[in-house]
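Before any comments, here is the structure.
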Amino acid sequence: MTDKTMTPEDVVDRLRSGMTLGIGGWGSRRKPMALVRAVLRAGLTDLTVVSYGGPDVGLLAAAGRVRRLVAPFATLDSIPLEPHFRAARQCAAFELTELDEAMFMWGLTAAAHRLPFLPVRTALGSDVMRVNPGLRTVVSPYGDGEEFVAAPALRLDAALVHMNRADRSGNGQYLGPDPYFDDLFCEAADAAYVSCERLVGTADLAKEAAPQTLLLKRHAVTGVVEAPNGAHFTSCAPDYDRDENFQKLYAATGWPEFADRFLAGSDEGAYQSAVRTWHEEQTGEREAER
């Protein structure tokens, strides 16, 4: 089987400005943040981002890399509205296509099956139709005459997702309580790149958890990156929880200051080192107060 291992830099070398980029995870949970940070370092811009939005959206929006966002929300979970997303949106820095969560899921499903749309009941009678005047409805051809919304396919040029474990061939495993929709992101994309907490042998995937946790199949994955702590500061249960203290810092800090301290380094190692230094400073301050 093909060895698909890459570095974050290998991944972004395959991406281009102007692409439609799907980002897996949910809110501030199991986001492929190491890959998102690599996108920032690479200077990619004019992106259409498709995401159940969290700090991935906030980072890219604050840095001016997003032309259009397709999302049902942008949240940090424990902080309801992603503040850097909000600031960029209030300045009209990018276009927004806001879909409800179910329509978003069915849009990914349609793309995964290479269909132009799927009929759904969701959104009928809601403001989703008002804020998206381009949406269309279809009528059932089977005599009942029921009207549906035609949820458009969310086709992706590339997808970025994060798993707990993966093998070198691209099989990916989640160990937390929720798969989210990372498999749909990969299958809806022309190319899919998976970061993981740890690369393991294929046989070891079956030893760690039940077979149904093997969410990603190698045929839908283009490349695999081993990135320990690569979802930081989002959660990657059970490997680690969300870094709430750091998330509060992120939310309360102006973008230039945050980017200068934590994102100006040349690689992911520089980011992780800056985070460790910040935590050490916080520990020292607490001890000094005692």
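Whether any residue in the stretch 154-174 is loosely packed, with under 15 Cβ neighbours inside 10 Å and among the hydrophobic types (A, V, I, L, M, F, W, C) is what I want to check.
no
Any residue in the stretch 73-100 that's free of Cβ contacts under 8 Å to residues at least 24 places away in the same chain: show its pairings with residues that are among the basic types (Lys, Arg) at Cβ separation under 9 Å, as long as the two are six or more apart or on different chains.
Cβ pairs passing all conditions: Ala74/Arg86; Ala74/Arg89.
In the stretch 176-190, what residues are surrounded by fewer than 24 Cβ atoms within 10 Å (Cβ to Cβ) and out of contact with any Asp or Glu (no Cβ under 7 Å at 6 or more places or on another chain)?
Hits for the stretch 176-190 are Gly176, Pro177, Asp178, Pro179, Tyr180, Phe181, Asp183, Glu187.
Here are the criteria: (1) over 30 Å from Ala251 (Cβ atoms); (2) outside any strand (DSSP E or B); (3) not β-branched (Val, Ile, Thr). Tell me which single one Pro119 does not satisfy.
(2)
Does the stretch 100-113 contain any residue that is out of contact with any Leu (no Cβ under 7 Å at 6 or more places or on another chain), modelled with pLDDT under 95 and not in a helix (DSSP H, G or I)?
Looking for residues that are out of contact with any Leu (no Cβ under 7 Å at 6 or more places or on another chain), modelled with pLDDT under 95 and not in a helix (DSSP H, G or I), one finds at least one in the stretch 100-113, hence yes.
Quick one: is Gly43 surrounded by fewer than 18 Cβ atoms within 10 Å (Cβ to Cβ) and more than 18 Å from Leu249 (Cβ to Cβ)?
So Gly43 fits the description; yes.
Looking at (1) at negative phi; (2) surrounded by 20 or more Cβ atoms within 10 Å (Cβ to Cβ), can you tell me which one Cys91 breaks?
It is condition (2) that Cys91 fails.
Quick one: in the stretch 46-66, of everything that is more than 21 Å from Leu263 (Cα to Cα) and not small (Gly, Ala, Ser), which residue is surrounded by the most Cβ atoms within 10 Å (Cβ to Cβ)?
Val50
For the stretch 258-269, name all the residues that are surrounded by 15 or more Cβ atoms within 10 Å (Cβ to Cβ) and assigned to a helix (DSSP H, G or I).
Within the stretch 258-269, Phe258, Ala259, Arg261, Phe262, Glu268 qualify.
Which condition from (1) over 29 Å from Leu124 (Cα atoms); (2) surrounded by fewer than 18 Cβ atoms within 10 Å (Cβ to Cβ) is the one that Arg86 breaks?
Result: Arg86 fails condition (1) only.
Considering Val57, Val12, Val49, which residue is free of Cβ contacts under 8 Å to residues at least 60 places away in the same chain, assigned to a strand (DSSP E or B) and among the hydrophobic types (A, V, I, L, M, F, W, C)?
The conditions single out Val49.
Of everything in the stretch 201-227 that's among the charged types (D, E, K, R) and surrounded by fewer than 15 Cβ atoms within 10 Å (Cβ to Cβ), which residue is modelled with the lowest pLDDT?
Across the stretch 201-227, the extreme among qualifying residues is Glu208.
Within the stretch 104-151, which residues are without any contact (Cβ under 8 Å) to a residue 12 or more places away in the chain and touching a Phe, Trp or Tyr at 6+ places or on another chain (Cβ under 8 Å)?
Val139
The values are calculated or read from the model by the stated rules, or taken from the named source; none is laboratory data. The structure presented is a predicted model; accordingly, all values stated were derived computationally and were not measured. Reconstructed Cβ throughout: ideal geometry from the backbone, glycine too, with neighbour counts over all protein chains shown.
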